[in-house]
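Take a look at the structure below.
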Amino acid sequence: MSEENYMRIIDLRGKKLTRAEMLEAMPRAEMGTNEATDLVQPILDDVKARGAAALRDFAEKFDHIRPENLRVPVEAMKTAVDELDPEVRAAIEESVRRSRAVSASQVPVPFHTDLAEGARVSERWIPVQRVGLYVPGGKAVYPSSVIMNVVPAQAAGVESLAIATPPSRNNADGLPDKTILATCAILGVDEVYAVGGAQAVAMFAYGAKGSEPQDGEILCDPVDKITGPGNIFVATAKRMVSGIVGIDAVAGPTEIAIIADKGANPSWLAADLIGQAEHDELAGSVLITDSEEIAEQVQENLKYRVPRTEHSERVNTSLRGRQSGIILTDGIEQSIDAANAYAAEHLEVQTADPDAVIAKIRNAGAIFRGPYSPVPLGDYMSGSNHVLPTSGTARFASGLGVHTFMKPVEVIEYDEQGLKTLAARVNAFAVSEDLPAHGESVLSRFIDDPYNKETIKEQEEQAGLR
């Protein structure tokens, strides 16, 4: 790779790679949660033991401010709405409207299956009762993440929603960013905490007792599930409390992959790669193309665009990192294979026949079809959800949606005849697994002595089970 180029080249042309070799060839950030475990465990333990007192101490240590009100007063949220820029408010409300429309269509419908007379299995979808939603606030503030978490949870019918987001250093009262508070108010969520980092995850998982009069006896009740992205410490904390509560995923750095052919616009491709790189120095930006000319033109466009964008230093680090690169392929089929191996959080398809490409994509958090569906549209306004699987986990995981906040529960309903038809078979199955009490449980409804194995078949025949 020329030193002048921003992105390294991964040349797959002329190579027939095994599945393992293709996975190994993909650019990835060297980042995991294991190294943060020793730092996070004491935070979890302290919040569990001391509640609000520990939360204030950690806010002072990490956020350099000691919030008077860990739970944000409703009045502050109303004020935030009143002071919100009208154009920003209109954008937020339109994003909410579109997200609600999509979420409403995602709500699963109960169904039942009749297997025989008196034999029915139904499936109900039950909302998670209480959910804790984490909204990050590191290099930027993310009111969009409030929308992406809250709207599907509300559509699912979650009874109790709590939001945690770091206190803003620009707020002398230690409250979160005003745009985030305004977004919460617009969505009708009034349980909001000025708590960030691993300590917020601990508060949600264990609950937190109050330490000041304004906290009340209980500051925050435990939740049943925690969702939302965050930094390495938030991700580690979520992994560590998983099992105590449910989590959506352990999120890694954000990423984009773009499948492009010779007809794509290199200027737009460069802009889209930069847009993702802006998130974080570890963000992954990957272009997959069978056109060496497009690859060269994108490099040239990066040289022009990167120095002119506001966060150029961050973008430069991201694009030059080992997690980013341009993958050169022999043709569109190999491009598709590479995209499926990479399993991008966001996958743009900018090719002559995008539908043919999309039909063969098996692994992606979300797919953005054509040159007028760039990733930032999904970040804010498309109606889709931007909380998506990262680090290749799109091979087996999906993005956040209404289903994240619901549990499918089967209801088994057999009447006497329905059970009688299967009783002997259930017993035979149970005995084969050396679990005879299972069979005895069923047979007890039809015969007098299921424990007398010498006469069991005779009893079954007399009861009409055979």
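The values are calculated or read from the model by the stated rules, or taken from the named source; none is laboratory data. None of these values were measured; they are calculated from a predicted model. With ideal geometry, Cβ positions are generated from the backbone for all residues, glycine too; neighbour counts draw on all protein chains shown. In case anyone asks, the SASA skips ligands and DNA or RNA and just uses the protein heavy atoms, side chains included. Shrake-Rupley method; radii C 1.70, N 1.55, O 1.52, S 1.80 Å.
DSSP finds beta bridges in the chain, and of those with both partners inside it, around 30 percent are antiparallel. Taking a ≥ b ≥ c as the square roots of the Cα gyration tensor eigenvalues, with a/c under 1.5 meaning rounded and otherwise prolate when a/b beats b/c, else oblate, which class fits region 48-182? Oblate is the answer for region 48-182, as a/c is 1.5 or above yet b/c matches or exceeds a/b. Under the simplified labelling scheme, the residue 107-residue 94 pair shows an inter-label distance of 2.6 nm, with each label point 7 Å from Cα along Cα→Cβ.
Solvent-accessible surface of region 10-116, averaged per residue with a 1.4 angstrom probe and all protein chains in place: 63 square angstrom.
Using helices alone, I'd like the mean residue ellipticity at 222 nm for the chain: each DSSP H run of four-plus residues gives -39500 (n - 2.57), total over residue count, nearest 500.
After summing the helix terms and dividing by residue count, I get -12500 deg cm²/dmol.
Ligands, DNA and RNA left out, the 1.4 Å accessible surface of region 1-87 is 48% carbon and sulfur atoms.
For the chain, what does the relative contact order come out to in percent, with C-alpha contacts under 8 Å and a separation of six or more? Mind showing how you got there, number by number?
Working: 928 pairs, mean separation 94.2, N = 466.
In percent, rounded to a whole number, it is 20.
In sequence order, region 279-290 has phi-based couplings of 4, 6, 4, 9, 4, x, 10, 10, 10, 10, 8, 9 Hz under the Karplus curve 6.51 cos²θ - 1.76 cosθ + 1.60, θ = phi - 60°, and Gly or Pro positions carry x.
Along its principal axes, region 1-126 has C-alpha extents of 70, 64, 44 angstrom, given from the largest down.
For residue 453, the lysines whose Cα comes closer than 20 Å to its Cα, not counting residues fewer than 8 places off in the same chain, are 420. Computed with a 1.4 Å probe on the full set of protein chains, the accessible area for residue 415 sits at about 70 Å².
Tally up the carbon and sulfur contribution to the accessible surface of region 100-183 as a whole percent, 1.4 Å probe, everything protein left in place.
Roughly 51 percent, rounded to a whole number.
Bridgeable lysines around residue 303 (alpha carbons under 21 Å apart, same-chain partners fewer than 8 residues away excluded): 262.
With a 1.4 Å probe and all protein chains left in place, how much accessible area per residue does region 381-459 have, in Å²? Walk me through the numbers on the way to the answer.
Details: 4780 Å² over 79 residues.
Value for region 381-459: 60 Å² per residue.
Using DSSP, restrict attention to beta bridges with both residues in region 207-334 and report what percent are antiparallel, rounded to the nearest 5.
Values: 2 of 15 bridges.
Within region 207-334, antiparallel bridges account for around 15 percent of the total.
Other residues with beta-carbon under 10 Å from the beta-carbon of residue 343 carry, at +1 per Lys or Arg and -1 per Asp or Glu, a net charge of 0. Check cross-link reach from residue 407 to the lysines: straight Cα distance under 22 Å, and skip same-chain residues fewer than eight apart. Residue 407 reaches 225, 238. Within region 253-276, name every residue whose backbone N is under 17 Å away from a label modeled 7 Å from Cα of residue 372 along the Cβ vector. Residues 264-265, 268-269 fall inside that zone.
Rounded to a whole number of µm²/s, how large is the Stokes-Einstein D of region 297-402 at 10 °C and 1.306 mPa s, given Rh as the Kirkwood radius over C-alpha pairs? The calculation lands on 104 µm²/s.
With N set to the number of residues, divide the alpha-carbon radius of gyration of region 155-248 by 2.2 N^0.38 Å and report two decimals.
Values: Rg = 13.4 Å, N = 94, 2.2 N^0.38 = 12.4 Å.
For region 155-248, the normalised Cα radius of gyration is 1.08.
Per-residue accessible area (protein heavy atoms, 1.4 Å probe) orders 225, 303, 48, 209 as 48, 209, 303, 225, starting from the largest.
Computing Kirkwood radius over Cα pairs in Å directly from the structure and comparing it against (1) 25.1; (2) 26.9; (3) 23.1 singles out (1).
Let me check against my output: what whole-number percent is the relative contact order of region 282-403, with C-alpha pairs under 8 Å and at least 6 apart? Walk me through the numbers before you get to the answer.
Working: 167 pairs, mean separation 27.7, N = 122.
So the answer I get is 23 percent.
Mind checking region 384-438 for GluC sites (Glu not before Pro) that DSSP puts in a loop (not H, G, I, E or B) and that have at most 12 other Cβ atoms within 10 Å? Please list the in-between numbers first.
Working: sites: 410, 413, 416, 433; in loops: 433.
In loop regions of region 384-438 (DSSP not H, G, I, E or B), the sparsely surrounded GluC sites (Glu not before Pro) are 433.
Calculated FRET efficiency, residue 39 and residue 18, Cβ-Cβ r, R0 22 Å, to nearest 0.05? Computed FRET efficiency for residue 39 and residue 18: 0.05.
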